[in-house]
1. Tell me, what is the FRET efficiency for Glu279 and Arg16 to the nearest 0.05, using R0 = 56 angstrom and their Cβ-Cβ distance as r?
2. With the radius of gyration and the Kirkwood radius both derived from the Cα set of the stretch 293-361, what is their ratio Rg to Rh?
3. So which GluC sites (Glu not before Pro) in the stretch 492-586 pass both tests, a DSSP loop state and at most 15 other Cβ atoms within 10 Å of the Cβ?
4. Among residues other than Leu444 whose Cβ falls under 12 Å from its Cβ, what is the net charge (Lys/Arg +1, Asp/Glu -1)?
5. Stokes-Einstein diffusion coefficient for the chain at 25 °C in a medium of 0.890 mPa s, Rh from the Kirkwood formula over Cα pairs: what value in µm²/s?
6. As an exercise, identify the trypsin sites (Lys or Arg not before Pro) in the stretch 167-264 lying in DSSP coil whose Cβ has no more than 12 other Cβ atoms within 10 Å.
7. List the pair-distance distribution P(r) of the stretch 370-573, using every Cα-Cα distance, as the percent of pairs falling in each 10 Å bin from 0 up to the bin containing the longest distance, rounded to whole percents.
8. For the stretch 201-327, how big is Rg over Rh, using alpha carbon atoms and the Kirkwood form of Rh?
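Just so it is clear, none of the values below were taken in a lab; they were calculated from the coordinates. Just so it is clear, the structure is predicted and the values come from calculations on it, not from any experiment. Backbone-built Cβ (ideal geometry, glycine too); neighbour counts: all protein chains shown.
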Amino acid sequence: MKNLQLTSQIHASAGRNQAELVLKNGTIINVFTGELYQADVAITNGMIVGIGKYEGNENIDVTGKYISPGFIDGHVHIESSMVTPASFANIVLPHGVTTVICDPHEIANVSGAAGIQYMLDSSEGLDLDVHVMLPSCVPSTSFENAGAILHADDLKPFYQHPRVLGLAEVMDYPAVLRADEDMVQKLADARNVNKKIDGHLAGLSHDAINVYMTAGIRTDHEAVTIEDAQARIRLGMYLLIREGSAAKDLTNLIPVVNDLTATRCLFCTDDKHLEDLLEEGSIDHNVRLAIQHGVDPVTAIRMATLTAAECYGFSEKGAVAPGYIADLLVLDNVEQVEIAQVYKNGKLIAKEGKMVAAPATVLPAPEALTNTVNNASVTTESLHIKLDGIQEAHVIDVIPNKIITNHLIQKVQATDGQFVPSIEHDLAKMVVIERHHATGHVGLGIVKGFTLHGGAIATTIAHDSHNIISVGMNDADILLAVQTLKQINGGLVVVKNGQILASLSLEISGLMTNRDVNDVLREQHRLDAALLEVGASQEFSCFLTLSFLALPVIPALKLTDMGLFDVEHFRHIDVTVHKKTVPVLS
């Protein structure tokens with residue numbers, strides 16, 4: 001069969017037979033040379049067989065339009081969209097994203113190997129090519145409790161799957177630095193079968209880049225400054241420039257791009273919320289933003305296509321050239337990246353921002369993935385932050401549109417030896433509750449930046465272990481929010497004065513839902529209205545930002561179910577400040 005296909009492709013390329021499809025008179029965006037020139041694109045068996053003058057069984061005139069390779073998202077957690085891979089595909093394909101490299105570590109932290117298998121099964125046969133990097137750190141550190149623990153032996157069988165590309169973001173730097181046996185085995189297993197390994201160098205030094213590169217790790221998406229970006233490229237890493245919903249780093253990093261470094265820079269979204277995907281797009285948004293900040297349009301498109309393909313070893317993707325897969329975009333405008341048509345394997349699947357291909361069938365989730373909120377009983381007493389007469393505390397300070405935080409030390413209000421949230425000083429109580437094995441672990445902290453006037457918000461989306469996380473202005477509303485999450489099998493909720501203002505059930509591992517995207521969007525809008533009612537900040541996505549405040553591998557101060565965590569010193573600390581033992585951090 002393959003020989004017959006290759007034979008027909010050669011005949012069509014040589015002009016002996018007509019191609020199946022020809023896009024005629026378009027302006028080719030050549031990502032090899034940077035040129036723009038007019039030519040026909042001939043396609044047979046889903047492959048580009050020629051650039052030049054061709055006739056096809058079907059000819060589509062695209063005069064005045066541009067032909068680009070399909071975009072590739074270098075690193076994405078599909079779970080962050082809160083919908084299944086099939087629904088996610090229907091959202092990003094009209095935005096020109098034809099391939100994604102996904103890391104299912106969100107669902108793996110809740111449901112283990114079964115979660116990985118579900119993501120592989122539910123992304124099978126989609127028009128979107130979904131490639132998978134295996135979660136390397138479940139849990140992300142030993143300083144929190146996740147729903148599962150995945151060792152090297154648990155991951156190894158997945159390398160036989162044709163869409164598994166390698167090992168996902170290695171975020172447990174101490175384990176790499178110490179050359180821990182299981183971590184080394186994970187790295188070795190990937191390298192032994194010539195698979196890729198992604199990095200996660202948030203807040204780490206130049207020396208850490210040396211260690212990661214030595215371990216065979218070749219990418220990073222956690223650079224937040226131009227100095228970070230230059231250091232990674234200088235030592236041979238691919239730089240994934242991230243522009244998601246919570247982490248928006250492109251504007252800071254894009255000055256690093258020049259004619260040489262563009263071959264080492266690609267784009268990713270990492271975590272992008274459903275509303276943002278629908279309203280601004282995916283990698284197409286990154287490309288537009290890069291162009292707006294001075295990057296040559298062809299260079300920006302190269303980063304989203306050929307560089308990404310080279311980074312992840314796709315020898316037949318990323319260019320408009322013979323012998324490449326016909327994943328193509330027809331653009332009305334290059335600078336604005338206005339997408340008129342999307343072709344996947346030579347078939348028209350989206351037009352003018354809408355899918356024209358038949359929607360993919362959504363695979364039901366296994367029962368084991370739909371009953372995952374198993375926290376122990378929580379009382380108001382377990383939510384008390386005792387200050388013992390000390391009124392100076394460590395405070396998590398939210399930085400709008402960043403997943404890093406500041407570590408503040410400031411005076412806080414106390415009544416009867418217990419912390420009292422303050423509207424005036426924008427200080428709220430934060431709670432993380434273990435929800436997988438009913439351990440009864442409750443982490444407590446103080447957070448600044450949400451601007452709440454009352455009530456509480458809570459969610460089962462709390463990277464990466466996805467315990468219950470809540471922020472609120474009184475214990476009663478926090479407790480109601482937590483109880484509601486258990487009732488709806490996970491999701492998001494906003495409460496005020498003992499009333500549930502809005503909620504969204506995410507029944508698949510407390511992270512995703514099988515429901516129609518429009519239904520999810522309507523409930524999301526109700527949540528947005530409820531956030532306004534409790535005074536939540538409009539500078540950033542409160543739920544998305546909250547979800548990252550439990551991630552103990554992102555500087556500077558975070559909260560896990562085991563307590564307040566100082567990321568810079570990699571240790572748990574008390575909420576209260578003990579001046580003799582704890583340094584003042586800015």
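1. Values: r = 48 Å, r/R0 = 0.86.
After rounding, the FRET efficiency stands at 0.70.
2. 1.00
3. Taking the stretch 492-586 and a limit of 15 other Cβ atoms within 10 Å, the loop GluC sites (Glu not before Pro) found are Glu539, Glu568.
4. Values: positive: Lys386, Lys429; negative: Glu381, Asp475, Asp561, Asp574.
Once positives and negatives cancel, what remains is -2.
5. Numbers: Rh = 24.6 Å.
Roughly 100 µm²/s, to the nearest whole number.
6. Sites meeting the loop and neighbour criteria: Arg178.
7. 10, 39, 39, 12, 1, 0
8. Ratio value, two decimals: 0.97.
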